[in-house]
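Mind looking over this structure? Questions follow.
The values are calculated or read from the model by the stated rules, or taken from the named source; none is laboratory data. Computed from a prediction, not measured in an experiment: that's the story for all the values here. Cβ coordinates were reconstructed from backbone atoms using ideal geometry, including for glycine residues, and neighbour counts include every protein chain displayed.
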Amino acid sequence: MLNIGELDQIAQFKALNAGELKEISQIMDKRTYLKGEIIYKKDQNADQFYLIKQGEVEIGETTALKSSHIRLTLGPGAYLGGLSLLAGARHSNTVCALNDCELLIFERAGFEKLINQNQSCGLKIMRDLIIYLCLRIRKISEKYTDMVDYMIDGEFYDSRHHMAMTEKSSAPAKAKKLSPITERELEGISLFADFSALEKKNIARIMTGCDYLAEELIYEEHTTGGKLYIIKDGAVKISKRVQQHREVTLSALEEGKFFGVLSLLEETEHTATVEAIKNSRILMIDKPGFEEFIKQAPGCGIKMMRYICQNVYRLLSKIEQDYDYTSNYVWESGPYYL
């Protein structure tokens, strides 16, 4: 069992009160990994996830042996293995200590017990984990767009170039009329699959819906957020500007998928543009309504946060693998002038 005073110094636990810190200390352990030691391997069964207290680790397919031009490294404050804990899955990457590391370890059984006994504490930890994962996705996306710049012109652009890009703004997305929805519209959406009929009815009360035509903007990068968007029907494209008149598509999402997670949990700007690929029906939850809902129904909040965390972690794992593959290909093959 860890010392409560030690946990109180960790940024991720600043929102927890003394009682919650005591509960956390009872389900955590601490371990030191030496430089070069494998923390866990890809496809290995897992019942733990980790928080780096000290040191750095590297993520990759065969981390200790891999020769990579751009290494995915994580330092203090980073989470590892979150998907395995929440979904009971296998590790999606191999992780190795770059130097001597000290890691805090959450056992799956203990964490599930905590969630059942103290839903408020569980929600705080899961919120922090989701925010962390979303920020990592943003960072990888920025690196990817930098790499696209390199592929276009054979060099990376400096901060003045990017500042000029962000100051250049296109026509804003038009304000749309939002309408109430019913619980029937939540049928078939995986995010609410574990909700009872009454729970669907209650959350539908805080949601709105909007119809978008093909190629219509939903929101632009550098605009303020504050909503979670769920695709009921149709599909959307998520893109980011590179250079002055070019954009790169980061992903395409179809029915049942969601976006805007980070802006729902934190006050932050969007870092990408989203537009409808075809006529689409989008459901929305705003931040004030969501906060009030999970306060009144923490069990529903746990269900939503668990599902969101699992999907965000899967997306992050895929992005990291794709970025690692693409970066090595670019460095080995040289820039391509598009």
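Test Ser280 against the criterion of being among the small types (Gly, Ala, Ser) and free of Cβ contacts under 8 Å to residues at least 40 places away in the same chain, and give yes or no.
no
Does Lys278 satisfy the condition of being in the same structural domain as Ile181 (by TED's automatic domain parsing) and either surrounded by fewer than 17 Cβ atoms within 10 Å (Cβ to Cβ) or in contact with a Ser or Thr (Cβ under 6 Å, 6 or more places away or on another chain) (or both)?
Here the answer is yes, as Lys278 does meet what is asked.
Give the residues of the stretch 109-134 that are of a type in the set (Lys, Arg) and more than 20 Å from the chain's Cα centre (by Cα), sorted by residue number.
Answer for the stretch 109-134, where residues must be of a type in the set (Lys, Arg) and more than 20 Å from the chain's Cα centre (by Cα): just Lys113.
Also, quick follow-up: Taking the condition of being surrounded by 14 or more Cβ atoms within 10 Å (Cβ to Cβ) and either modelled with pLDDT under 95 or under 19 Å from the mean Cα position of the chain (by Cα) (or both), how many residues in the stretch 218-236 meet it? Step through it out loud before you land on a result.
In the first step, residues of the stretch 218-236 are kept if they are surrounded by 14 or more Cβ atoms within 10 Å (Cβ to Cβ); the result is 218-223, 225-236.
From what's left, either modelled with pLDDT under 95 or under 19 Å from the mean Cα position of the chain (by Cα) (or both): 219-223, 225-231, 236.
Final tally of qualifying residues: 13.
For the stretch 190-217, enumerate the residues that are aliphatic (A, V, I, L, M), loosely packed, with under 14 Cβ neighbours inside 10 Å and out of contact with any Phe, Trp or Tyr (no Cβ under 9 Å at 6 or more places or on another chain).
Ala197, Leu198, Leu213, Ala214
Still on this structure, please answer the following. How many of the residues making up the stretch 99-133 are crowded, with 18+ Cβ neighbours inside 10 Å and at pLDDT 95 or above?
Total satisfying the criteria: 2.
Next question. Any residue that is in contact with a Ser or Thr (Cβ under 9 Å, 6 or more places away or on another chain) and farther than 21 Å from Ile137 by Cα - is there at least one of those in the stretch 183-198?
No, the stretch 183-198 contains no residue that is in contact with a Ser or Thr (Cβ under 9 Å, 6 or more places away or on another chain) and farther than 21 Å from Ile137 by Cα.
Next up: When you scan the stretch 251-270, how many residues do you find that are of a type in the set (Ser, Thr, Tyr) and either under 18 Å from Glu216 (Cα atoms) or surrounded by fewer than 19 Cβ atoms within 10 Å (Cβ to Cβ) (or both)? Step through it out loud before you land on a result.
At the first step, the residues of the stretch 251-270 found to be of a type in the set (Ser, Thr, Tyr) are 251, 263, 268.
Now restrict to residues that are either under 18 Å from Glu216 (Cα atoms) or surrounded by fewer than 19 Cβ atoms within 10 Å (Cβ to Cβ) (or both): 251, 268.
Of the residues in that region, 2 qualify.
Find the residue count for the stretch 191-227, including only residues that are closer than 17 Å to Lys176 by Cα and either of a type in the set (Lys, Arg) or not in a loop (DSSP other than H, G, I, E, B) (or both).
Residues in the stretch 191-227 being closer than 17 Å to Lys176 by Cα and either of a type in the set (Lys, Arg) or not in a loop (DSSP other than H, G, I, E, B) (or both): 11 in total.
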